[in-house]
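J.: Let me give you the structure first, and then I'll get to my questions.
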Amino acid sequence: MRRYSVIIPVYNRPDEVDELLDSLTRQTLKTFEVLIIEDGSANDCKAVVDRYADQLDIQYFFKENGGQGFARNYGFERAKGDYFVVFDSDCLIPANYFEVVEEFLNKHQLDAYGGPDKDHPSFTNMQKAISYSMTSLFTTGGIRGRKKSLGTFHPRSFNMGISREVFQSTGGYIITRMGEDIEFSIRIISRGFKVGLVPDAIVFHKRRTSLAQFFKQLHFFGRARINVQRFFKDEIKLVHTFPVLFLIGFFLNFVLLGVFPKVFIWTTALILLYFTLIFVDATIRNKSISIGVLSVATSFTQLSAYGIGFLKEGFARLKELAK
């Protein structure tokens, strides 16, 4: 049976760590240790961690702030397990998580894996709507852990496991933020390691609580995709440009109003159809009309924010190359 090392980087989130650790105490498979890496927080979680000392095999480390990628490396270097599992601090872990992973790895040899993220029943309607837009085939192509998705599956650091051999070969993360997990996954795959999705290794991933916060996050994600391209020039796929195409098309549509009014009617109808499909799909999946309505707003926010961030960082990158 494998021994797992859970690596959790933390920055000023003691309350979230409390909820995460509480979920880990309920695991049906107990063969894991937990390493909390406090990344230079002003509001640390040591007191929270101490409360779980008699319930979990847990260690607490404090380091100067360097970003989540290097905080995870710090944990990898001190981990004792055969498999290193990375969670974000804002996740809740279902009780059967390690049991599911162990059973899957016994049947399918993987050097690294990722799992899906979903919303928890306790989440607000806004968080559920954001979760929908982050995982929907209509907005992301299903790249965040759907069995059927567009393109190669790349594990993400909110729910990711790697063997000790993967860390020893790669040295871990080489950038600390802004697409660090995407770069890491691509590098793992490029070295010939076998990577796959464990579809039932679900985590409940908390989302932002407002559209403004969500816009800021997705703007950063758009920039991150360009940042990854610095290391892997062929890793911008068609699915990654969809938000930019949507953004350009959306605003170009209003230009058509004054020039080609008949074309404007058809393009507007297509846009309305697209968001109607999102509304219907989100309503059915969540069994809630209000979440369906909010999902239209979060999907528009996601596409526009990602597209703006993508374009902003892309132009900055072109200026660098032109020098």
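The values are calculated or read from the model by the stated rules, or taken from the named source; none is laboratory data. None of the values given here were measured: they were computed from a predicted structure. Counting neighbours? That spans all protein chains shown, and the Cβs are built from the backbone with ideal geometry, glycine included.
J.: Can you tell which of T31, T25 is without any contact (Cβ under 8 Å) to a residue 40 or more places away in the chain and either in contact with a Cys (Cβ under 7 Å, 6 or more places away or on another chain) or among the polar types (S, T, N, Q) (or both)?
T.: Values: T31 fails: without any contact (Cβ under 8 Å) to a residue 40 or more places away in the chain.
When all the criteria are applied, what remains is T25.
J.: Could you tell me whether the range 188-198 includes any residue that is within 17 Å of the chain's Cα centre (by Cα), at pLDDT 90 or above, surrounded by 13 or more Cβ atoms within 10 Å (Cβ to Cβ) and in a loop (DSSP other than H, G, I, E, B)?
T.: Yes, there is a match, as at least one residue in the range 188-198 is within 17 Å of the chain's Cα centre (by Cα), at pLDDT 90 or above, surrounded by 13 or more Cβ atoms within 10 Å (Cβ to Cβ) and in a loop (DSSP other than H, G, I, E, B).
So that you can scan it fast, the table gives a plain yes or no per residue for (1) closer than 28 Å to R177 by Cα; (2) modelled with pLDDT of 95 or more; (3) out of contact with any helix residue (DSSP H, G or I) (no Cβ under 9 Å at 6 or more places or on another chain):
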{"residue": "I7", "(1), (2), (3)": "yes, yes, no"}
{"residue": "V17", "(1), (2), (3)": "yes, yes, no"}
{"residue": "D22", "(1), (2), (3)": "yes, yes, yes"}
{"residue": "T28", "(1), (2), (3)": "no, yes, no"}
{"residue": "S41", "(1), (2), (3)": "yes, yes, no"}
{"residue": "K46", "(1), (2), (3)": "yes, yes, no"}
{"residue": "A53", "(1), (2), (3)": "no, yes, yes"}
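J.: OK, next. Please give the number of the condition I175 fails out of (1) among the hydrophobic types (A, V, I, L, M, F, W, C); (2) under 21 Å from L92 (Cα atoms); (3) part of a loop (DSSP other than H, G, I, E, B); (4) modelled with pLDDT under 95.
T.: (2)
J.: Here's something else I'd like to know. Going by what's in this entry, would L321 be described as out of contact with any Lys or Arg (no Cβ under 8 Å at 6 or more places or on another chain) and either surrounded by fewer than 15 Cβ atoms within 10 Å (Cβ to Cβ) or more than 17 Å from G179 (Cβ to Cβ) (or both)?
T.: Taking the combined requirement at face value, the residue satisfies it.
J.: Moving on to the next point. Scan (1) surrounded by 17 or more Cβ atoms within 10 Å (Cβ to Cβ); (2) out of contact with any Phe, Trp or Tyr (no Cβ under 8 Å at 6 or more places or on another chain) for the single condition R207 breaks and write down its number.
T.: Condition (2) is where R207 drops out.
J.: Which residues, counting only those in the range 16-37, are of a type in the set (D, E) and within 20 Å of the chain's Cα centre (by Cα)?
T.: Let us first name the residues in the range 16-37 that are of a type in the set (D, E), namely 16, 18-19, 22, 33.
Matches in the range 16-37: E16, E19.
J.: Starting from the range 276-298, keep only residues that are on the phi < 0 side of the Ramachandran plot and in contact (Cβ under 8 Å) with a residue 12 or more places away in the chain, then list their pairs with residues that are surrounded by 18 or more Cβ atoms within 10 Å (Cβ to Cβ) and of a type in the set (D, E, K, R) whose Cβ atoms are within a distance under 8 Å, requiring at least 6 positions of separation or different chains.
T.: These pairs meet every condition: N286/K128; S288/K128; I291/K128; L294/K128.
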